[in-house]
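Right, one structure below, let's go through it.
What follows draws every value from the coordinates through simple rules; no lab data is involved. Because the structure is a prediction, the values reported are computed rather than measured. Backbone-built Cβ (ideal geometry, glycine too); neighbour counts: all protein chains shown.
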């Protein structure tokens, strides 16, 4: 039954055709975003926008003000140093110590144009370092952009859905890939985008041990840093610390984005923190291609990142440095500020589960999954792509889990654009959804 | 004779060793910059820094103020659109019309993280578009970073030194490369970095005609836009216009950097202006790799640039838009502001030529080469790398022409860091250089 749809199938298909969206069931984030905006524009009916993970809070004013001061000092007229401005490198190193409790020297902290550029440059470096190792292993579900980056580079990837391999089961699964001998790096985000599951220290230990055993580099994306709100991780230089693979292996790159923790996505700013051991390792593949000794740190900085963007926006580097410093000094509680997302998630999840939906990725090893930036929902008897489409008819936009490497059926929901006045609307629409989709 | 050296060979070699500079004669810009800074630091003796082409003027205040306004509107909290903010796209299109007199719709103007990211993304797109065409032809001398970008991508290049092929002679030379059938694109900067020669309309016509004949895409780097000061090019919507290949062929990308014309290098901001015909061409190679129809414009924007940086710093896009608008509206005479470089070049060239040096690239087809941001000098009997090294002993840093694809002997000098108090010092040092290097 479709009695209570808000947008007709004809209208949705018509707009999708106009936007050249070939397959709605496999639509990218960008396509869903365009489609829902266009439907809103044509009909005047608001969408519940759960698609793009754009910050839904004002950006951190400390960063903005520091950028303005830097502009007044005219940092715009001079190229930023390839390795980043000293203030930012120092504050990144202190921040990592304060909240993760690991030691990464300032020298090894390299600013990048968002974590997107950090993972792109890292993929290049790791897949070129050893000619025998040219594949990246994704712990899925994962961030589709990272897979698209490998298309540009022309490198292959391997992947598995972690759903059935939590805890000790992870060891045999990962080892089955590493044993092939062609895996250069393993990548995951923690908390996970899209599933909001969190790898626990025991799982990170397995990843780290296997990485060292097989000479694999770990790429750890901490975009949602300290946003596992089940425990308060925001006290600098005091436990509990953010879980990291950095405690368990030698060769890793931690990607620290400013986008979510400081709501600073617009300025495109992140730092790649490279473990000192990896920084100082020399690779034949890098030496052959770029000359010199193949030193990882300087090749990554000078021969790869510098050649792609010639540094990162000067004023924004000072802005990020100021925000990191304020957090490390205990003057900015970014964790409590972003906790708003957890409150939204709890309310939204309740509306969905009250109306027949289930949480797809619902557990970590020892606990229920927390409330935060994303969550995943499924509906009995409806497959991923179909659910994305069906929800569109009821004015709710999301991302199909099938595009994230997941084998489970469902969609990703982002809490960032939720607003107070939309809760009753979501509730009504989901009641109608349930009426039209009786669970047998 | 070395009687009048300022820095001893031993000291220079010692510092070069410490900085891991393998071969001083082939040192990169970054290496020369580090070496001269370190020598200055240790000795307290100032260098005449002619190495890096960093702006030597304050950044354009219109851009800075517009960035601050944008920050106050909190553009930092939202991802910038992949295709760029509408204001910037519109102003880039108007600017191109006003000063080059060609029509490129706003849609086809895509912001990039500096022209470095524009050429990097363009190299990817053009070498992947047609599997048979995977090489880039450089009209040398050229910008070493662009060659390094091809190392990352793993694409090959071809090159020739234009010195002996000016005017009509260019036709047969370029055709000899295009006839091979494997050239995807041709690239040059105009005015030229490092030689400051300017391709004339007759030469651009040859390039354009051959590009269309052989299906080659032209990458035109206009980083030194309107900086051929032999004629005033700064009046919007009035001739004389900036010479461009865009008048003579269908498929081209013009790269418009903010770094030099607005002294805005620190903020990493440029626009890639893609010709409408190229924008709308579909390529099998792009379709195979990225899916869809292989549409050049949308693949470049959404599947390549977006995947590398996910957009360009939001506030800086508004800053660049404001500067372009002011220039197009006739309210900002950026040409007269940058003419300071020409005055410096004239004085510096006189000091060198008074002391036995020659201008290496000294002529265009119909005229003597102008004064501007760069110039090239040689000294009788001394080869490129040797001259770079010898000048270092006299406290003058430069770039060897041999690292730019030139077959001539000499170095590139940049005028941007020259200061009033340094002219007498340069004069004295070059008098001493001449005494120590008698011309036989």
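If you take the Cα Rg of the stretch A:98-252 and divide it by 2.2 N^0.38 Å, with N the number of residues, what do you get? Walk me through the intermediate numbers first.
On the way: Rg = 15.0 Å, N = 155, 2.2 N^0.38 = 15.0 Å.
Here the Cα radius of gyration is 1.00 times the empirical estimate.
Given q = 0.05, 0.06, 0.07 Å⁻¹, what are the Debye log10 I(q)/I(0) values for the protein assembly as shown, with equal point scatterers placed on the Cα positions and solvent ignored?
Those come out to -0.29, -0.41, -0.56, one per q.
Give the span of chain B's Cα atoms along each principal axis, as three whole-Å numbers ordered largest to smallest.
Dimensions of chain B along the principal axes of its Cα atoms: 67, 54, 44 Å.
Looking at the protein assembly as shown, what % of its DSSP beta bridges pair antiparallel, to the nearest 5? Each step should come with its number before you reach the end.
Working: 42 of 84 bridges.
The antiparallel fraction comes to roughly 50 percent.
Using only the alpha-carbon atoms, how far is helix A:86-100 inclined from the longest principal axis of chain A? Give it as 0 to 90 degrees, nearest 10.
60 degrees
So what's the gap between the Cα centers of the stretch B:402-425 and the stretch B:15-40, to the nearest angstrom?
For the stretch B:402-425 versus the stretch B:15-40, the Cα centre distance is 16 Å.
For residue B:182, place a label point 7 Å from Cα along the Cα-to-Cβ direction in every copy; what are the distances to the other copies, in nm, shortest first?
The answer, with the shortest distance listed first, is 2.5 nm.
Counting only C-alpha contacts under 8 Å and six or more residues apart, can you give the relative contact order of the stretch B:61-328 as a whole percent? Provide the component values of the computation, followed by the final result.
Numbers: 532 pairs, mean separation 81.8, N = 268.
Relative contact order, the stretch B:61-328: 31 percent.
Would you calculate, for chain A, the mean residue ellipticity at 222 nm contributed by helices, counting each DSSP H stretch of 4 or more residues as -39,500 (n - 2.57) and dividing by all residues, to the nearest 500?
On the way: 16 runs with 176 residues, N = 440.
Estimated from H runs of four or more residues: -12000 deg cm²/dmol.
Under the definition of partner shielding as Cβ atoms of other protein chains within 10 Å of a residue Cβ, what is the mean value for peptide A:66-73? Walk me through the numbers on the way to the answer.
Values: counts 0, 6, 6, 1, 2, 13, 3, 0.
Mean inter-chain Cβ contacts per residue within 10 Å come to 4.
Just to be sure I understand: of the beta bridges DSSP finds with both ends in the stretch B:61-328, what percent are antiparallel, rounded to 5?
Values: 11 of 30 bridges.
Around 35 percent of the beta bridges assigned by DSSP in the stretch B:61-328 are antiparallel ones.
Give the average, rounded to an integer, of partner chain Cβ atoms located within 10 angstrom of each Cβ in B:265-274. Intermediate results must be reported in sequence, preceding the final value.
Numbers: counts 8, 14, 11, 12, 2, 0, 0, 0, 0, 0.
Average per residue, whole number: 5.
Would you order B:197, A:359 from fewest to most other beta-carbon atoms within 10 Å of each residue's own beta-carbon?
Sorted ascending by nearby Cβ count, the order is A:359, B:197.
Quick one: the Cα spread of the stretch A:310-440 along its three principal axes, in angstroms, biggest first?
56, 34, 33 Å, listed from the longest principal axis down.
Once the Cα atoms of helix B:314-328 and of chain B are each reduced to a long axis, what angle between those two axes, in degrees from 0 to 90 to the nearest 10, is obtained?
80 degrees
On a 0 to 90° scale, report how tilted helix B:9-18 is relative to the longest principal axis of chain B, with both axes built from alpha carbons and the result rounded to the nearest 10.
For B:9-18 against chain B, the angle is about 40 degrees.
Can you give the mean number of other chain Cβ atoms that lie within 10 Å of the Cβ atoms in peptide A:309-321? Intermediate results must be reported in sequence, preceding the final value.
On the way: counts 10, 10, 7, 5, 12, 8, 10, 7, 1, 0, 3, 0, 0.
Mean shielding by partner chains, rounded to a whole number: 6.
Let a ≥ b ≥ c be the square roots of the eigenvalues of the Cα gyration tensor of the stretch B:242-396; is it rounded (a/c under 1.5), or, if not, prolate (a/b larger than b/c) or oblate?
On the way: a/c = 2.22, a/b = 1.80, b/c = 1.23.
It comes out prolate by the Cα gyration axes.
Placing the label point 7 Å from Cα along the Cα-to-Cβ direction, what are the distances from residue B:11 to the equivalent spots in the other copies, shortest first, in nm to one decimal?
Shortest to longest, the spacings are 7.8 nm.
Return A:165, A:252 ranked ascending by Cβ neighbour count within 10 Å, so the fewest neighbours appear first.
Values: A:165 16, A:252 27.
Ordered by Cβ neighbours within 10 Å, fewest first: A:165, A:252.
Taking the beta-carbon count within 10 Å as an exposure proxy, list B:418, B:305 from fewest neighbours to most.
Numbers: B:418 22, B:305 29.
Final ranking by Cβ density, sparse to dense: B:418, B:305.
Given label points at 7 Å from Cα along Cα→Cβ, what nm distances, shortest first, separate residue A:41 from the same residue in every other copy?
Values, ascending and in nm: 5.3.
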